[in-house]
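Okay, structure first, notes after.
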Amino acid sequence: MADEHPTHPDLQTLRARIDSVDRDLLSLLNHRAALAQAVGELKKKEGSVVFRPEREAQVIDGLKSVNLGPLKNENVAPIWREIMSACRALETPTRVAYLGPAGTFSELAALGFFGSSIVKVPCASIDEVFRTTSAGAADFGVVPVENSTEGVVARSLDLFLTTPLFIIGETSLFVRHNLLRRENTLDDIEAVCAHPQALAQCHMWLSNHLPNVERRPVSSNAEGARLASENPKLAGIASERAASEYGLHVIAPAIQDDPHNRTRFAIVTHPERHPQPQASGHDCTSLVVSVVNRPGAVHDMLVPLKQHGVSMSRFESRPARSGQWEYYFYIDLQGHPDEPKVAAALKELRGVCAYFKLLGTYPIDVH
Ligand SMILES: O=C(O)C(=O)C[C@]1(C(=O)O)C=C[C@@H](O)C=C1
């Protein structure tokens, strides 16, 4: 039918226009993909790596700064992550290790950061993510480092000390925990199986609603969901994605004690296979240091940062397990070592520390 009201086009007309825009978009996306392929050829000749987190961050930042809407800026990042993921996959496959099985928050974090055009390498533990990435069976690993309710993920921080891997990116995820079960009832539950972090993040809800039910720690939330799918007496705590993956009912949604519960993940890789990302303009540098156990030592350690005007966004301590009340300090600085003030602060800091290890430098999470 003809468009009788040109200023108020009907559904059919609007859909026809959307179809036409989609075809233009597809043609432009293919043009973009061909350019990425050409970049891939260049990189192959130069022997350089394909994944450039700083470039991807700049692409997204640049688009957000010129976006006139009505598309929201918060939707620009995930759309372009997917586009770049598909373009990257045309250059080379990206193998990503994370704490599996399917349906974990680590898997969601991996997909959020790299997009869905990746080769998934699910691992049984955080240790295995580090081992798999160190051994080269995965190009990158995704590990949880910090939760807004529960604090640091100690195992990941400890492994940063003892493995050669370094951080090339970060991503954070809103973590919504759900109670999952085969039976659609809270009655007759023998145990709630989940990762210790998830059990802790739902401590209040479990105490109020299932005070006498055993809390059984397992290697991952998805493993808890898998166990619940095999035994009707068990419940799991996991994502909605895990519920559909394992055919379970969400018998209580959003049971985490903190409604704003977030987990931060680090993206790690082997320095021999991937260079440190170049400066993107909005970068973070992570390091771990220790100082001798004497009065004022921690204060002295922070002086170079203050003197060179370098901001610190995170300061975390972990016992060094020497039995001497010694600590490792995990520090996040704002900036990139290519910036003179950051380079100067790091040089002085290295001089006053008994132990100093650069854990990585990477673009700040853009969302
Ligand atoms: O610019 C590059 O280096 C590319 O390879 C292209 C591209 C992209 O699709 O924009 C893809 C992968 C890289 O991680 C960064 C960007």
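The values are calculated or read from the model by the stated rules, or taken from the named source; none is laboratory data. These numbers come from a predicted model, not from an experiment. Neighbour counts run over all protein chains shown; Cβ positions are idealised from the backbone, glycine included. All accessible areas refer to the heavy atoms of the entire protein, side chains included, with ligands and DNA or RNA removed. Shrake-Rupley method; radii C 1.70, N 1.55, O 1.52, S 1.80 Å.
With springs only between Cα atoms under 10 Å apart, run a GNM on the chain and tell me which of His195, His274, His203 wobbles the most.
Comparing His195, His274, His203 in a Gaussian network model of the chain, the most mobile one is His203.
Using 1/(1 + (r/R0)^6) with R0 = 41 angstrom and r between the beta carbons of Ser27 and Val119, what's the FRET efficiency to the nearest 0.05? Present the calculation step by step, with values, prior to reporting the outcome.
Numbers: r = 28 Å, r/R0 = 0.68.
In this case the efficiency is close to 0.90.
Between Gly47, Gly335, Gly115, find the one with the highest GNM mean-square fluctuation for the chain; connect C-alpha pairs within less than 10 Å.
It is Gly47.
When all alpha-carbon pairs of segment 30-90 are counted, what percent fall beyond 19 Å?
Values: 642 of 1830 pairs.
Within segment 30-90, distances greater than 19 Å cover 35 percent of Cα pairs.
Please give me, ordered by residue number, the chymotrypsin sites (Phe, Trp or Tyr not before Pro) of segment 77-134 that lie in loop per DSSP and have at most 11 other Cβ atoms within 10 Å. It would help to have the intermediate numbers written out before the result.
On the way: sites: Trp80, Tyr98, Phe105, Phe113, Phe114, Phe130; in loops: none.
Hits after loop and neighbour filter: nothing returned.
Suppose only helical runs count, i.e. DSSP H with n ≥ 4. What mean residue ellipticity at 222 nm does that imply for the chain under -39500 (n - 2.57) per run, divided by all residues and rounded to the nearest 500 deg cm²/dmol?
Working: 12 runs with 151 residues, N = 367.
The helix-only estimate for the chain comes to -13000 deg cm²/dmol at 222 nm.
Among Glu107, Glu146, Glu214, which one shows the biggest mean-square fluctuation in a GNM of the chain, springs joining Cα atoms closer than 10 Å?
It is Glu214.
Per the Debye formula with a single identical scatterer at each Cα and no solvent contribution, what log10 I(q)/I(0) holds for segment 85-234 at q = 0.10 Å⁻¹?
At q = 0.10 Å⁻¹ the computed log10 ratios are -0.40.
Between segment 254-301 and segment 67-83, what's the alpha-carbon centroid distance in Å?
What the calculation gives is 27 Å, centre to centre.
So, for the chain, what is the accessible surface per residue at a probe of 1.4 Å, expressed in square angstrom? Mind showing how you got there, number by number?
Numbers: 18300 Å² over 367 residues.
I get 50 Å² per residue for the chain.
If contacts are Cα pairs under 8 angstrom and at least 6 residues apart, what is the relative contact order of the chain in percent? Each step should come with its number before you reach the end.
On the way: 706 pairs, mean separation 64.9, N = 367.
Computed value for the chain: 18 percent relative contact order.
Just to be sure I understand: of the beta bridges DSSP finds with both ends in the chain, what percent are antiparallel, rounded to 5?
Details: 43 of 59 bridges.
If I count the DSSP bridges inside the chain, around 75 percent turn out antiparallel.
Efficiency by 1/(1 + (r/R0)^6): what FRET value for Met204 and Val66, r their Cβ-Cβ distance, R0 = 30 Å, to the nearest 0.05?
Details: r = 45 Å, r/R0 = 1.49.
For Met204 and Val66, the calculated efficiency is 0.10.
In terms of modelled amide H atoms, which long-range or inter-chain residues lie less than 5 Å from the amide H of Tyr98?
For Tyr98, the qualifying residues are Val121, Cys123, Val142.
Rounded to two decimals, what ratio of Rg to Rh does the chain give with C-alpha atoms and a Kirkwood Rh? Spell out each step's value before the answer.
Working: Rg = 23.7 Å, Rh = 23.0 Å.
Result for the chain is an Rg/Rh of 1.03.
Using the Cα centre of the chain as origin and beta-carbon charges of +1 (Lys, Arg) and -1 (Asp, Glu), tell me which of Leu305, Ala254, Gly112 is placed farthest towards the positive end of the dipole.
Positive-end residue among those listed: Leu305.
In the chain, what is the count of Lys pairs whose alpha carbons are under 25 Å apart, counting only pairs at least 8 residues apart or on separate chains? Mind showing how you got there, number by number?
Working: Lys43/Lys120; Lys44/Lys120; Lys64/Lys72; Lys306/Lys341; Lys306/Lys347; Lys306/Lys357; Lys341/Lys357; Lys347/Lys357.
Total qualifying Lys-Lys pairs in the chain comes to 8.
With +1 on the Cβ of every Lys and Arg and -1 on the Cβ of every Asp and Glu, and nothing else charged, how large is the dipole of the chain about its Cα centre, in debye rounded to the nearest 20? Each step should come with its number before you reach the end.
Numbers: 37 positive and 43 negative charges, 173 e Å.
Dipole about the Cα centre, nearest 20: 840 debye.
What does the charge add up to near Gly335, with Lys and Arg as +1, Asp and Glu as -1, over the other residues with Cβ less than 11 Å from its Cβ? Intermediate values should be presented prior to the final figure.
On the way: positive: Lys341; negative: Asp283, Asp332, Asp338, Glu339.
Spelling it out: positives minus negatives among the neighbours equals -3.
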